[in-house]
Amino acid sequence: MKITVSGEVKEVKDELTIAELIELENVETPQYVSVSVNDEFAKSEDFKTQKLHEGDIVEFLYFMGGGQ
């Protein structure tokens, strides 16, 4: 199936979970990443069970702290 990941169309296996996609994409510090699927945030506790579907748009978001 085809999904869009960070603006790039990718061919992935059917019924891929968010957790599998994070691993496949070699996401750095996955414990700190937020994931949106079709402009809706996925809950981190659902990453292992939430399956992606044909045409989904996935974005990885990192929240940075710091500054003054």
>> Is there a quick way to get the dipole size of region 2-62? I mean about its Cα centre, with the Cβ of Lys and Arg at +1 and of Asp and Glu at -1; what is the value in debye to the nearest 20?
In response: 60
>> What does the extension gain come out to for residue 41 and residue 10, with contour length at 0.36 nm per residue minus their alpha carbon separation?
In response: 9.1 nm
>> Using the basic label-point model (7 angstrom from Cα toward the beta carbon), what is the residue 24 to residue 51 distance in nanometres?
In response: 1.3
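So what is the calculated 222 nm ellipticity per residue for the chain, using -39500 (n - 2.57) for each DSSP H run with n of 4 or more, over all residues, to the nearest 500 deg cm²/dmol?
-2500 deg cm²/dmol
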>> Which GluC sites (Glu not before Pro) in the chain sit in a loop by DSSP (not H, G, I, E or B) and have at most 14 other Cβ atoms within 10 Å of their own Cβ?
In response: 15, 28, 54
> How large is Rg/Rh for the chain, to two decimals, with Cα atoms and a Kirkwood Rh?
Replying inline: 0.99
> In the chain, what chymotrypsin sites (Phe, Trp or Tyr not before Pro) fall in a loop by DSSP, with at most 11 other Cβ atoms inside 10 Å?
Replying inline: 63
> For the chain, which trypsin sites (Lys or Arg not before Pro) are in a loop by DSSP, counting at most 16 other Cβ atoms within 10 Å?
Replying inline: 13, 43, 48
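Every number here is computed from the coordinates shown, using simple stated rules; none is lab data. Bear in mind that the values here come from a model prediction, so they are computed numbers and not experimental data. Positions of Cβ are generated from backbone atoms using ideal geometry, with glycine treated the same way; all protein chains shown enter the neighbour counts.
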